[in-house]
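Colleague: Please find one structure pasted underneath; my questions will follow.
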Amino acid sequence: VVRIDGALSAAAADALAAHVDAELAAARSEKPSLDADGRFGPVLSRTNRWDLKLRRGPAVDGALAEVLASGGVAKLLDHALGDEPGGGEKKGATLFELAALVSDPGSPRQPVHPDTPRRPGSEAPAVVTAFVALQDIDEEMGPTLFLPRTQSADAHEKFNAPEDGGRAKAELLRTTPHRLGLLKKGDVALFDARLLHGGLDNRSARRRRLFYFSFKDDNAAVRPSESIMDEVRRRYSLEDCAAWG
């Protein structure tokens with residue numbers, strides 16, 4: 001996981017935050033159920049927390065293109081997902097998720113989890129995710145907890161070991177150093193989707209909004225994400241999205 005400061009301008013972050021608030025209010029008014037109408041993804045710990053799928057539009061398109069152009073984000077994604085080790089034929093990366101994570105005051109802590117599993121025999125990531133802060137995020141607002149280097153085979157083996165009654169998992173979570181996603185408005189946390197992480201409880205009186213997107217290695221066999229609208233699923237390459245702005 002790496003933090004890139006100031007990847008999105010304050011004006012673009014404010015515009016997208018207002019757009020997210022309006023879209024969330026409309027979606028909740030029209031379809032109160034989180035499973036209705038295809039607007040919400042299956043976020044963990046749903047009380048006062050929403051995974052709102054985003055449609056294309058000026059605020060969304062402009063923000064995504066701006067982040068990709070900032071701080072080498074597109075180059076990092078291309079290196080992680082598009083480059084074939086050893087100089088072989090270049091692979092491609094496709095937009096995999098496009099949504100906003102919103103947690104209001106009172107949202108509980110999520111269990112630590114990876115977003116994608118390990119692929120047997122592969123060290124390369126299948127999916128890389130970007131969390132972009134649409135306002136400053138402090139410790140009271142329930143920042144994302146990251147466990148660095150837990151994308152490894154050893155960490156996943158311990159995390160998923162049921163035969164010992166969860167002792168290996170408990171030891172892993174207890175002894176692994178952690179980092180908090182304390183981001184300023186416009187900062188981005190870019191991470192391997194296999195990394196163990198989870199949103200903490202929002203103990204503040206403020207809404208926390210994360211614009212997030214991910215890209216997938218075209219050659220990777222990964223279960224399709226539910227956090228993207230059907231109208232943009234499997235349609236856009238990294239190069240396509242970089243040109244949206």
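The values are calculated or read from the model by the stated rules, or taken from the named source; none is laboratory data. Just so we're clear, the structure is a prediction, and the values are computed from it rather than from any experiment. Neighbour counts are summed over all protein chains in view; Cβ atoms, including those assigned to glycine, are modelled from backbone coordinates with ideal geometry. Surface accessibility is based on the protein's heavy atoms, side chains included, excluding ligands, DNA and RNA. Shrake-Rupley method; radii C 1.70, N 1.55, O 1.52, S 1.80 Å.
Colleague: Going by the conditions given, is ASP115 acidic (Asp, Glu), in contact with a Phe, Trp or Tyr (Cβ under 7 Å, 6 or more places away or on another chain), at pLDDT 90 or above and surrounded by fewer than 21 Cβ atoms within 10 Å (Cβ to Cβ)?
Modeller: Against the criterion (acidic (Asp, Glu), in contact with a Phe, Trp or Tyr (Cβ under 7 Å, 6 or more places away or on another chain), at pLDDT 90 or above and surrounded by fewer than 21 Cβ atoms within 10 Å (Cβ to Cβ)), ASP115 does not qualify.
Colleague: Is it fair to say ARG209 is in a loop (DSSP other than H, G, I, E, B) and either touching a strand residue (DSSP E or B) at 6+ places or on another chain (Cβ under 7 Å) or open to solvent by 10 Å² or more (accessible area, probe 1.4 Å) (or both)?
Modeller: no
Colleague: Give GLY142, GLY121 a once-over and let me know the one that is surrounded by fewer than 21 Cβ atoms within 10 Å (Cβ to Cβ) and farther than 26 Å from CYS241 by Cβ.
Modeller: Sole residue among the options that is surrounded by fewer than 21 Cβ atoms within 10 Å (Cβ to Cβ) and farther than 26 Å from CYS241 by Cβ: GLY121.
Colleague: With (1) more than 20 Å from the chain's Cα centre (by Cα); (2) at pLDDT below 95 as the list, and ARG233 as the residue in question, which single condition is left unmet?
Modeller: (1)
Colleague: Considering only residues that are open to solvent by less than 40 Å² (accessible area, probe 1.4 Å) and at pLDDT below 95, which ones fall in the range 57-72?
Modeller: Selection gives SER70, GLY72.
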